[in-house]
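Take a look at the structure set out below.
The values are calculated or read from the model by the stated rules, or taken from the named source; none is laboratory data. These numbers were taken from a predicted model, which means no experiment stands behind them. Using ideal geometry, Cβ is built from the backbone for each residue, glycine included, and neighbour counts are taken over all protein chains shown. Areas reflect the complete protein model, heavy atoms only, side chains present, ligands, DNA and RNA absent. Shrake-Rupley method; radii C 1.70, N 1.55, O 1.52, S 1.80 Å.
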Amino acid sequence: NAGVTQTPKFQVLKTGQSMTLQCAQDMNHEYMSWYRQDPGMGLRLIHYSVGAGITDQGEVPNGYNVSRSTTEDFPLRLLSAAPSQTSVYFCASSYAGGKGGRGNSPLHFGNGTRLTVT
Amino acid sequence: SQQGEEDPQALSIQEGENATMNCSYKTSINNLQWYRQNSGRGLVHLILIRSNEREKHSGRLRVTLDTSKKSSSLLITASRAADTASYFCGRHGNNRLAFGKGNQVVVIP
């Protein structure tokens, strides 16, 4: 199993450009999510999905779109990149349930995409 | 938001010593999860403790949860240089896992 795969590893964009960060998992996880990590801010949840066709906003969704057409893939789209979106982006997935109920399964993280917007 | 504070945020210890980190939260949780992050890589899961559990162990790791105080602690015993990393607690509730700012732990050989 490859686990959670994120591409690209690094990306430089100019302000106003758009791009899609890819995330794929091969563990048949129902739950997938995107976080951004900034120095001194920890990880903040951007969007998440509890299954194919279902997405919801996290803590910092503005400027990002997601879709979940398959169980395996959860791409994150930057519509018009801004310098404030310079960050490290992590995708993570898990089983939706677990012993004792929903959410009792740990997240599996990808290795991140380092994005710089100039 | 379920984010809280992690205390201390930076810790430097000698190899062989114990390291303790604390995490607090504000609203009710389903579970609390501890993760480790090395050098900007993805987080790696360490321990998950459910809201009806009080203590869990995994190797040299011990996690406690006090729901009355809305706090948790992670103890690493007999630390090693390889334990140098950032440690995050994630509070799970409402389909979300919310992380704090993390604790940086440096273990000096």
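Observations on the structure shown:
- Within segment A:20-60, the set of residues being more than 12 Å from chain B (Cβ to nearest Cβ), more than 13 Å from A:Val4 (Cα to Cα) and surrounded by fewer than 16 Cβ atoms within 10 Å (Cβ to Cβ) comprises A:Thr20, A:Gly53.
- Unmet requirement for A:Gly63, which otherwise passes all of (1) more than 8 Å from chain B (Cβ to nearest Cβ); (2) of a type outside the set (A, V, I, L, M, F, W, C); (3) open to solvent by 60 Å² or more (accessible area, probe 1.4 Å); (4) more than 11 Å from the chain's Cα centre (by Cα): (3)
- Among the residues of segment A:29-45, those identified as free of Cβ contacts under 8 Å to residues at least 40 places away in the same chain and touching a Lys or Arg at 6+ places or on another chain (Cβ under 8 Å) are A:Gly40, A:Met41, A:Gly42, A:Arg44, A:Leu45.
- Candidates A:Gly53, A:Gly58, A:Gly103, filtered to the one that is touching a strand residue (DSSP E or B) at 6+ places or on another chain (Cβ under 8 Å) and farther than 11 Å from A:Tyr31 by Cβ: A:Gly58
- Any hit, segment B:22-39, residues being open to solvent by less than 30 Å² (accessible area, probe 1.4 Å) and assigned to a loop (DSSP other than H, G, I, E, B): yes
- Criterion violated by A:Asp73 - all others in (1) within 11 Å of the chain's Cα centre (by Cα); (2) open to solvent by 70 Å² or more (accessible area, probe 1.4 Å) satisfied: (2)
- Hits in segment A:1-48 - residues which are among the acidic types (Asp, Glu) and at pLDDT 95 or above: A:Asp26
- Taking each residue of segment A:12-28 that is farther than 21 Å from A:Ala82 by Cα and looking for partners that are hydroxyl-bearing (Ser, Thr, Tyr) with beta-carbon atoms closer than 7 Å, six or more apart or interchain, yields A:Ala24/A:Thr5; A:Gln25/A:Ser93; A:Met27/A:Ser93; A:Asn28/A:Thr71.
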